[in-house]
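Notes follow once the structure below has been shown.
The values are calculated or read from the model by the stated rules, or taken from the named source; none is laboratory data. Everything numeric in this text was worked out from a predicted model, so none of it was measured. Backbone-built Cβ (ideal geometry, glycine too); neighbour counts: all protein chains shown. Side chains are part of the model used for accessible areas, which takes the heavy atoms of the whole protein and leaves out ligands, DNA and RNA. Shrake-Rupley method; radii C 1.70, N 1.55, O 1.52, S 1.80 Å.
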Amino acid sequence: KSGLIKPGEKEDTLAQHDEVSANLARMASKRKDIFGTDEEVFGEPEKQKKVQRKGEAVQAFQQQQEEAARQQQLLQQQLASEKAANEQSVADIIKRAEAKVAGAITAMPPTGSAPPPPASAP
């Protein structure tokens, strides 16, 4: 018993909503281990988690950048290889064309000679 009741009176165990909420608020302010937030009770783990997540995000971004650089380097190597192959192909075409022209030139009659006689008509 609270001791605030006069002898012969009955103690009232019912409280109004305002009284209950005021008592709970007073108790919550004194007992952070029961009513407090994680930061108040455990030393701000949410803040630590945010910092950790941010660090992980930065690390993931750096890994993505490194992978993109590797892919770009591979593409540049492939492009250089294809360019060299195309240049070789063009050089081969030019060599063949030069050989045909040279063959045609040697097959031609010398200049200044008489043209071949026309074929006789039957």
* Structure fact -> The condition from (1) among the acidic types (D, E); (2) open to solvent by 100 Å² or more (accessible area, probe 1.4 Å); (3) modelled with pLDDT under 80 that E98 misses is numbered (3)
* To do: Working only within segment 65-83, note down all residues that are of a type in the set (D, E) and open to solvent by less than 100 Å² (accessible area, probe 1.4 Å).
  => E67
* Close pairs from segment 60-78: first free of Cβ contacts under 8 Å to residues at least 24 places away in the same chain, partner open to solvent by less than 100 Å² (accessible area, probe 1.4 Å) and in a helix (DSSP H, G or I), Cβ under 8 Å, at least 6 apart -> none
* **Some residue of segment 50-60 being under 30 Å from A25 (Cα atoms) and either at pLDDT below 80 or part of a helix (DSSP H, G or I) (or both)** => yes
